[in-house]
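Below you will find the structure I want to go over with you.
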Amino acid sequence: MPSPHPYEALQSTKLSALRARLSLPQRFPLQTLARTLIHPSADPDPAFNNASLSVLGANLLGYYTAEHLLCNYPRLPMEVVFAAQNAYVGPRALAIIASEWGIEAAAEPGGEVEPGLLQFKRLRPGEGIPAALKKQVPWKWNVTQTHRIVATDEFGSPNAPPSPHSLASVPVPMEEAAQSFVRALVGSLHLHLGAPLVKRFFKSHFLSRHLDLSEMFDFRTPTRDLSRLCAREGFEAPVARLISETGRLSRHPVFVVGIYSGKDKLGEGAGSSLEEARFRAAAAALKAWYLYKPLDVTVPSSTEGELDTTKWKPNMVDCGEVIV
Amino acid sequence: MPLSAIQKVATAQNGVGAFVLPCKRITLRYCDWAGSSKGMNAYLKTQLGVFAKRNPQIEFQVYKKANDHPAITAYYLNGHQKSVNVKNMAPEEIREKLELLRNSSPEKNKRVPAKPVTSINENVRGIWSPFHGAKIKI
């Protein structure tokens, strides 16, 4: 038997401890929890491994993260949306979450192994990465932003990630197995306990993590972007003005520069040269625009299955980032 | 490309949303012959069941090691472990040690240096700046 019998899950102390650790209700069956821990590399039979559950879980995680980001930050540039998706539910983030839940891996998968351990076929030392995990041919050779939004996965990645079903009996690194477990757990929670509980679980375990979106912007030409933005929105052209300075002729000068559009200050920055301070001020002004957050946001999934839709408020849709 | 994104991973803040107890497994070692395990054997027989029922998120393992003092080892989520030798202790003292291990953080005990508090959250009042506000003419 390549994986433990589902009956053995009922005797596993590790599984019931894991269920209690994640505050899951007693009606979530341990047999399903055991199944989410079996990667297709350990058991190629799709009736006993977590491949199908992890496909469902990946879609749910992508959907809930995307609606959270797009409704709360309607002006966020697509590049940052993709990076934030990756930061919340990307492969690396999911593997870290699994280790923080106390998931331990079995040395070797098998029918006699404790069902509370993560089961996957390990890479042998000296062997290269299997072909299924290597970079695939890109979705498309001339990749446009529109194509990344419409046709690729939730992270806008250039290559298709390996399908869980294609990894049957293929040795994989632990990160791949751990992320498949987290996805499969979300998928199985959706099937057994329903969407409201999954949303609560997602909010408490994934959205509660700390991510500072303002640190994810990497501007190349913030001054040019800002003047294009002002032209697009019909504001007066931005002007940089020196607010304060000290030590202009010393080794450590400090300049504080504000960017103004008419009488409105859009942003402010400090730097050791006038140019640096101006760039920082322009970047601050752009971040203030892009990180706009409406009050009282209702996400689309909050009206799922609800008969009373009066609480729903349409979300703001922005025309998008500046195109230079 | 006017703007690119910096790749990051969201960091955990245990307790902000869900709280996951850092202690994941506790092993209790006893000897059925030596006198130093007398209290441990009594604890295992009478009180461990209640403690385990109250802490379902912890996995308990009990094992016998002959001719050795009884000990408790706690394993934590980050891979660290802490052990306590409980020889000649009364069941009540063992319960206290178990609670200590359950409630403690996986990090080593260390002095808290007198450093200013650092936070990842934004300052509510802002930071005082010498460049803003009333200018002092010298």
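To the nearest 20 debye, what is the magnitude of the charge dipole of the range A:6-215 about its Cα centre, counting +1 on the Cβ of each Lys and Arg and -1 on the Cβ of each Asp and Glu?
The dipole of the range A:6-215 has a size of about 400 debye.
Going through the range A:256-290, which trypsin sites (Lys or Arg not before Pro) have at most 12 other Cβ atoms within 10 Å and a DSSP loop state? Mind showing how you got there, number by number?
On the way: sites: A:K263, A:K265, A:R278, A:R280, A:K287; in loops: A:K263.
Here the sparse-neighbourhood loop sites are A:K263.
Moving on to the next point. May I ask you to work out the translational diffusion coefficient for the range A:222-290 at 4 °C, viscosity 1.567 mPa s, via Stokes-Einstein with Rh from the Kirkwood sum over Cα pairs, reported in whole µm²/s?
Values: Rh = 11.9 Å.
D, rounded to a whole number, is 109 µm²/s.
Fewest first, what order do A:V182, A:V150, A:V170, A:V143 take by the number of other Cβ atoms within 10 Å? Working shown, then result.
On the way: A:V182 26, A:V150 8, A:V170 20, A:V143 14.
The order, fewest Cβ neighbours first, is A:V150, A:V143, A:V170, A:V182.
What does the charge dipole of the range B:23-103 about its Cα centre add up to, to the nearest 20 debye, if the Cβ of each Lys and Arg holds +1 and the Cβ of each Asp and Glu holds -1? The partial results should precede the final answer.
Values: 14 positive and 7 negative charges, 33 e Å.
Dipole of the range B:23-103, to the nearest 20 debye: 160 debye.
Related question: Based only on other Cβ atoms within 10 Å, what is the fewest-to-most ordering of A:W312, A:W101?
Ordered from fewest to most neighbouring Cβ atoms within 10 Å, A:W312, A:W101 come out as A:W312, A:W101.
Right, next: Can you give the percent of C-alpha pairs in the range A:263-324 whose distance is more than 19 Å?
Pairs farther apart than 19 Å: 55 percent.
What's the longest piece of chain B with no exposed trypsin sites (Lys or Arg not before Pro), counting a site as exposed if DSSP puts it in a loop and it has at most 11 other beta carbons within 10 Å?
Values: sites that count: B:K108, B:K110, B:R111, B:R125, B:K135, B:K137.
The reported range is B:1-107.
Which residue, chosen from A:L291, A:V143, A:P46, occupies the Cα position most advanced towards the positive end of the dipole of chain A, where the dipole is computed from +1 (Lys, Arg) and -1 (Asp, Glu) charges on Cβ about the Cα centre?
Final value for the positive-end residue is A:L291.
With point charges of +1 on the Cβ of Lys and Arg and -1 on the Cβ of Asp and Glu, referenced to the Cα centre of the range B:23-103, which listed residue (B:Y75, B:L101, B:G39) lies farthest in the positive direction of the dipole?
Farthest towards the positive pole: B:Y75.
Calculate one ³J(HN,Hα) per residue across the range B:122-131 by plugging θ = phi - 60° into the Karplus curve 6.51 cos²θ - 1.76 cosθ + 1.60, and present them in order as whole Hz with x for glycine and proline.
Computed from phi, the couplings for the range B:122-131 are 6, 5, 6, 8, x, 9, 5, 10, x, 8 Hz.
About the Cα centre of the protein assembly as shown, how large is the charge dipole given +1 on each Lys and Arg Cβ and -1 on each Asp and Glu Cβ? Please answer in debye to the nearest 20.
Numbers: 56 positive and 41 negative charges, 271 e Å.
With only Lys, Arg, Asp and Glu charged at Cβ, the dipole is about 1300 debye.
Sort out for me the Cα centre separation of the range B:20-77 from the range A:150-221, rounded to whole Å.
Centre-to-centre distance over Cα atoms comes out at 37 Å.
State whether the range A:191-250 is rounded, prolate or oblate according to the following rule on the C-alpha gyration tensor (a ≥ b ≥ c being the square roots of its eigenvalues): a/c under 1.5 gives rounded; otherwise a/b larger than b/c gives prolate, and the remaining case gives oblate.
On the way: a/c = 4.50, a/b = 2.26, b/c = 2.00.
Prolate, because a/c is 1.5 or more and a/b exceeds b/c.
Step through the residues of the range A:106-120 one at a time and calculate ³J(HN,Hα) from phi using the Karplus curve (6.51 cos²θ - 1.76 cosθ + 1.60, θ = phi - 60°), rounding each to whole Hz and writing x for Gly and Pro.
Along the range A:106-120, the couplings run 6, 5, 8, x, x, x, 8, 6, 4, x, x, 9, 5, 10, 7 Hz.
What number, rounded to the nearest 500 deg cm²/dmol, is the helix-based mean residue ellipticity at 222 nm of the protein assembly as shown, given -39500 (n - 2.57) per DSSP H run of at least four residues and division by all its residues?
Values: 13 runs with 153 residues, N = 462.
Per the formula, -10000 deg cm²/dmol.
For the range B:104-138 and the range A:89-119, what is the centre-to-centre distance using only Cα atoms, to the nearest Å?
Taking the Cα centre of each part, the range B:104-138 and the range A:89-119 sit 39 Å apart.
Considering every Cα-Cα pair within chain B, what fraction, in whole percent, is farther apart than 20 Å? Please list the in-between numbers first.
Working: 5952 of 9453 pairs.
More than 20 Å apart: 63 percent of the Cα pairs in chain B.
What does the average come to when, for each residue of peptide B:116-124, you count the partner chain Cβ atoms lying within 10 Å of its Cβ? All intermediate terms of the calculation are to be shown ahead of the outcome.
Numbers: counts 0, 0, 0, 0, 2, 2, 2, 0, 0.
Across B:116-124, the average partner-chain Cβ count within 10 Å equals 1.
Would you kindly state how much longer the chain becomes between B:H80 and B:S4 on full extension, computed as 0.36 nm times their sequence separation minus their alpha carbon distance, in nm to one decimal?
Numbers: separation 76, 0.36 × 76 = 27.36 nm, distance 3.85 nm.
Here the segment from B:H80 to B:S4 would lengthen by 23.5 nm.
In chain A, with Lys and Arg counted as +1 and Asp and Glu as -1 at Cβ, which of these residues, A:V170, A:A231, A:A20, has the Cα nearest the positive end of the dipole, that is, farthest along it?
A:A231
Sequence gap at least 6, Cα distance under 8 Å: using those rules, report the relative contact order of chain A to the nearest whole percent.
On the way: 515 pairs, mean separation 69.9, N = 324.
Relative contact order here is 22 percent.
Near the amide H of A:L118, under 5 Å away, which other amide H atoms are found, from residues 5 or more places off or on another chain, if H is placed in the peptide plane?
Here A:E104, A:A105, A:A106 satisfy the definition.
While we're on this one: Please list, in order along the range A:69-77, the HN-Hα scalar couplings obtained from phi with the Karplus expression 6.51 cos²θ - 1.76 cosθ + 1.60 (θ = phi - 60°), rounded to whole Hz, x for Gly and Pro.
5, 6, 7, 7, 10, x, 9, 5, x
On to the next question. For chain A, give me the percentage of DSSP beta bridges that are antiparallel, rounded to the nearest 5 percent.
Details: 16 of 19 bridges.
Antiparallel bridges make up about 85 percent of those DSSP assigns within chain A.
Within chain B, which is the longest segment that contains none of the chymotrypsin sites (Phe, Trp or Tyr not before Pro) sitting in a DSSP loop with at most 15 other Cβ atoms within 10 Å?
The segment B:34-127 is the longest one with no such site.
Step by step: find N for the range A:157-287, compute 2.2 N^0.38 Å, then divide the Cα radius of gyration by it. What's the final number? Mind showing how you got there, number by number?
Numbers: Rg = 24.2 Å, N = 131, 2.2 N^0.38 = 14.0 Å.
Cα-based Rg divided by the globular estimate yields 1.72.
In whole Å, largest first, what are the principal axis extents of the Cα atoms in chain A?
Sorted largest first, the three principal extents are 75, 58, 40 Å.
Since every read-out is calculated from the coordinates, none of them should be taken as a lab result. This structure is a prediction, so every number in the text was calculated from the model and none was measured. Counting neighbours? That spans all protein chains shown, and the Cβs are built from the backbone with ideal geometry, glycine included.
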